[in-house]
Amino acid sequence: MLEETQSTAFIVDDDPDMRGSLEYLIQSVGIATASYASAAEFVADYQPSRPGCLVCDVRMPEMSGLDLFEHLAHVGSRLPVILMTAYADVPMAIRALKLGAAEFIEKPFSAQLMLEAIQRALTEDCGRRATREFWDDFAKRMGALTDKERTALAMLLSGAPNKMIAAKLEITERAIEGRRASIMKKLAVNSFAELVRRVTHYEVLFPDAKSVFR
């Protein structure tokens, strides 16, 4: 079984010859592959934690490539999708692009074109996963703040000076400075400007999480 951390090109095509050709091509440049004869096979096997990209034929029986793409979007998958077809038309291309397809490639295609598309898709997926991991970690750090620290953080972010915050919370300015230092250490930030940017971004990315502004 492939390791979950290994980027994989997932190939979905009901044509066994095309699947075999794509596997050979992609593996020739050192990229792992996993192939499926139908969209249903892929859906049953794929785990969102597995990084990679999807290379999928559009016209397939039962569930088309576009239907599979819509299904992935519906379940919240951000897996980059490269769609390929021998029978492209404008409405089909528009639908694919509206869904956010990484590429829409007409058959027959050059090997170089496909490999470049796959490399871009894998790079996109890798970057997106790294960003998500960073913010998931930051969310855990935010969750580790005490209620007193969250209250102080909200007031600090409002622009209130330490003296005003201390008076409102009925504690010393030194205590406020101590809470500020503790907050910055827990959130792993090095400056107040960085603290403001990170927390503001966090509030946008995690609107349902416990907010310091409410």
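Any read-out appearing in this document is the output of simple, stated calculations on the displayed coordinates, not a laboratory observation. Because the structure is a prediction, the values reported are computed rather than measured. Cβ placement follows ideal geometry from the backbone for every residue including glycine, while neighbour counts extend to all protein chains displayed.
Around the Cα centre of region 8-132, unit charges on the Cβ atoms of Lys, Arg, Asp and Glu (plus for the first two, minus for the last two) sum to a dipole of about 600 debye. Phi-derived couplings, Karplus 6.51 cos²θ - 1.76 cosθ + 1.60 at θ = phi - 60°, listed residue by residue for region 185-194: 5, 5, 8, 6, 10, 10, 8, 5, 4, 5 Hz, with x used for Gly and Pro. Would you look at the GNM of the chain, springs on alpha carbons closer than 10 Å, and say which of Ala73, Ala188, Ala117 moves the most? In this elastic network of the chain, the residue with the biggest mean-square fluctuation among Ala73, Ala188, Ala117 is Ala188.
Each Cα pair under 8 Å and six or more residues apart adds its separation to the average, and for region 144-205 the resulting relative contact order is 30 percent. Pairwise inverse Cα distances across the chain, averaged and inverted, put the Kirkwood hydrodynamic radius at 20.3 Å. Among the chymotrypsin sites (Phe, Trp or Tyr not before Pro) within region 1-96, which fall in a DSSP loop and have no more than 11 other Cβ atoms within 10 Å of their own Cβ? Of the chymotrypsin sites (Phe, Trp or Tyr not before Pro), the ones in loops of region 1-96 whose Cβ has at most 11 other Cβ atoms within 10 Å are Tyr87. Between Gln6 and Leu115, what FRET efficiency comes out of the Förster formula 1/(1 + (r/R0)^6) with R0 = 22 Å and r the beta carbon distance, rounded to 0.05? For Leu115 and Gln6, the calculated efficiency is 0.80. Across region 105-116, coupling constants 3J(HN,Hα) worked out from phi with the 6.51/-1.76/1.60 Karplus curve, θ = phi - 60°, read 10, 8, 7, x, 10, 7, 4, 5, 4, 5, 4, 5 Hz, and Gly and Pro carry x. Rounded to 0.05, the FRET efficiency of the Arg129 and Glu177 pair, given R0 = 45 Å and the Cβ-Cβ distance, is 0.75. Across the chain, Cα pairs under 8 Å and at least six residues apart give a relative contact order of 14 percent. Once you have a ≥ b ≥ c as the square roots of the Cα gyration tensor eigenvalues for region 144-205, tell me rounded if a/c is under 1.5, and otherwise prolate or oblate according to whether a/b is larger than b/c. Prolate, because a/c is 1.5 or more and a/b exceeds b/c.
For the chain, DSSP calls about 0 percent of its internal beta bridges antiparallel. Find the centroid of the Cα atoms in region 22-99 and in region 156-214, then give the distance between the two in whole Å. Measuring centre to centre over Cα atoms gives 44 Å.
Highest mobility in the GNM of the chain, judged by mean-square fluctuation with C-alpha springs under 10 Å and restricted to Glu62, Glu23, Glu170, is found for Glu170. The tail of the calculated P(r) for region 8-132 beyond 18 Å holds 47 percent of all Cα-Cα pairs. Close Lys pairs in the chain (alpha-carbon distance under 22 Å; sequence gap of 8 or more, or different chains): 13.
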